[in-house]
Amino acid sequence: ACAAKPPTPGDSGTMAAPSLALEVFLYFGKLWDVVFWLISFMVFCYKGYNLPYPVNAYEMEFTYLFMYLLVEPPRLFLGSQGNKSVRAGPLWASMVLAGFVLFMHVYYIVAQTFVLRVDYWMNIISLAFLSAQFLLSGTQALDFMRGA
C-alpha cells in the first residue's frame with residue numbers, strides 16, 4: 001500500500017487551495033464590466049452628439065472602449081482559470097493584462113477630454129474591483145508558487 005509522505009518540519013503538509021474571495025471578486029467583476037461597458041457606450045454616444053470634441057479625440061477615446069473588450073474578458077478568464085486550477089502562470093498573465101485596464105480607467109478619470117460624473121464614479125468602482133482582483137491574484141499566485 002502507498003503511504004503518504006509525512007510532513008517535514010516547517011511544512012504544514014497542505015497544498016494551496018483556490019481562493020473563494022478571488023473567485024467572488026472575479027465573478028462580480030464580470031457582471032460589473034457588462035454594466036460598465038454598456039453605460040460607457042451610451043455616455044460616449046451622448047458626449048459625441050452633445051459635446052464639442054477636438055478632431056480625432058472622440059474617436060481615440062471611443063476606440064479605447066472597444067480595446068477594453070479585447071483585454072478585460074481574457075484577463076478575467078485567466079484569473080479565474082489560474083485560481084481554479086491552482087496555477088500561478090495564468091494569474092501572473094491576468095495581472096499583466098490588468099496594467100492595460102488600469103491605464104484605461106485612470107485615463108478615463110484624469111485625461112479624457114470630457115469627464116462626466118458618471119464617468120468618474122463608474123471608473124472608480126472599476127478601479128476598486130481591479131485593485132481587489134489584482135491583490136488577491138498576487139497573493140494566490142505567491143501561495144501557489146510556495147505550494148508547488
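The values are calculated or read from the model by the stated rules, or taken from the named source; none is laboratory data. Since the model is a prediction, treat every value here as computed from it, not as a measurement. Here Cβ is always computed from backbone atoms with ideal geometry, including for glycine, and neighbour counts include all displayed protein chains. Accessible surface is based on the protein model in full, side chains and every heavy atom, while ligands, DNA and RNA are left aside. Shrake-Rupley method; radii C 1.70, N 1.55, O 1.52, S 1.80 Å.
Just a few scattered comments:
- In this calculation the C-beta distance from LEU102 to TYR49 is compared with R0 = 25 Å, giving a FRET efficiency of 0.30.
- Charge-dipole axis of the chain as Lys and Arg at +1 and Asp and Glu at -1 on Cβ define it, positive-most pick from MET104, SER80, MET60: SER80
- In order through segment 27-32: 3J(HN,Hα) via Karplus (6.51 cos²θ - 1.76 cosθ + 1.60), integer Hz, x for Gly, Pro: 5, 6, x, 4, 4, 4
- Accessible solvent surface per residue of the chain, calculated while the other protein chains remain in place, 1.4 angstrom probe, Å²: 59
- When peptides 21-27, 137-143 are ranked by their average number of other Cβ atoms within 10 Å per residue, the highest-first order is 137-143, 21-27.
- Our summary of shape: the Cα atoms of the chain have principal axis extents of 76, 22, 21 Å, ordered from largest down, in whole angstrom.
- Sequentially through segment 64-73, phi angles give Karplus couplings (6.51, -1.76, 1.60; θ = phi - 60°) of 4, 4, 7, 5, 4, 5, 7, 9, 5, x Hz, Gly and Pro residues having no value and appearing as x.
- Mean separation of Cα contacts under 8 Å, 6 or more apart, over the residue count of the chain: relative contact order %: 34
- Taking a sphere under 15 Å around the Cβ of ALA141 and counting the other residues whose Cβ falls inside, with K and R at +1 and D and E at -1, yields a net charge of +2.
- Cα-based helix-to-principal-axis angle, 117-147 vs the chain, degrees rounded to 10: 20
- From helices alone, the chain scores -27500 deg cm²/dmol at 222 nm; the rule is -39500 (n - 2.57) for each run of n ≥ 4 DSSP H residues, then divide by the residue total.
- Rounded percent of accessible protein surface that carbon and sulfur make up, the chain, 1.4 Å probe: 73
- 3J(HN,Hα) along segment 36-45, derived from phi through the Karplus expression 6.51 cos²θ - 1.76 cosθ + 1.60 where θ = phi - 60°, amounts to 4, 5, 5, 5, 4, 4, 5, 5, 5, 4 Hz, with x in place of Gly and Pro.
- Test item: Cα-centred dipole of the chain, Lys/Arg +1 and Asp/Glu -1 on Cβ, debye: 260
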